[in-house]
Amino acid sequence: MKIPITRDGVRAATKLKKEGVQVTMTGLYAAHQALTAAAVGAEYAAPYLGRMDDNQRSGVESISQMLSIANSTEAPLRILVASIRRLVLR
């Protein structure tokens, strides 16, 4: 189930996880939100790359930080990038 990473969304996700529902936290814009998604036990976190770039944030850098957080926890969190508007090759 897709749940926005708001205060109410985190509460709802916590309850859904206790019921065994798989959760995707959506609307992430900052790396610390990936830590919140991991703490909830979400299977996926969906940051909006295009929207981060629209707001003069380095979307690729923020997502890289989110990946580091996801990889450093024992949570099953995976990063599912949304709102991709251009291809970035490095």
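Below, the figures for the structure above:
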read-out: Members of the stretch 21-39 found to be of a type outside the set (S, T, N, Q) and not in a helix (DSSP H, G or I), listed by number; value: V21, V23, M25, G27, L28, Y29, A30
read-out: Selection within the stretch 41-54 - part of a helix (DSSP H, G or I) and either modelled with pLDDT of 95 or more or closer than 13 Å to A82 by Cα (or both); value: L49, G50, R51, M52, D53
read-out: Failed condition for V23, given (1) surrounded by fewer than 17 Cβ atoms within 10 Å (Cβ to Cβ); (2) in contact with an Asp or Glu (Cβ under 8 Å, 6 or more places away or on another chain); value: (1)
read-out: Residue among V81, V60 that alone is surrounded by 15 or more Cβ atoms within 10 Å (Cβ to Cβ) and either over 18 Å from P4 (Cβ atoms) or β-branched (V, I, T) (or both); value: V81
read-out: Output for the stretch 3-20, where each listed residue is surrounded by fewer than 15 Cβ atoms within 10 Å (Cβ to Cβ) and assigned to a helix (DSSP H, G or I); value: R7, D8, R11, K15, K18
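The values are calculated or read from the model by the stated rules, or taken from the named source; none is laboratory data. These figures come from a predicted structure and were not determined experimentally. No Cβ is skipped: glycine too gets one built from the backbone with ideal geometry, and neighbour counts run over all protein chains shown.
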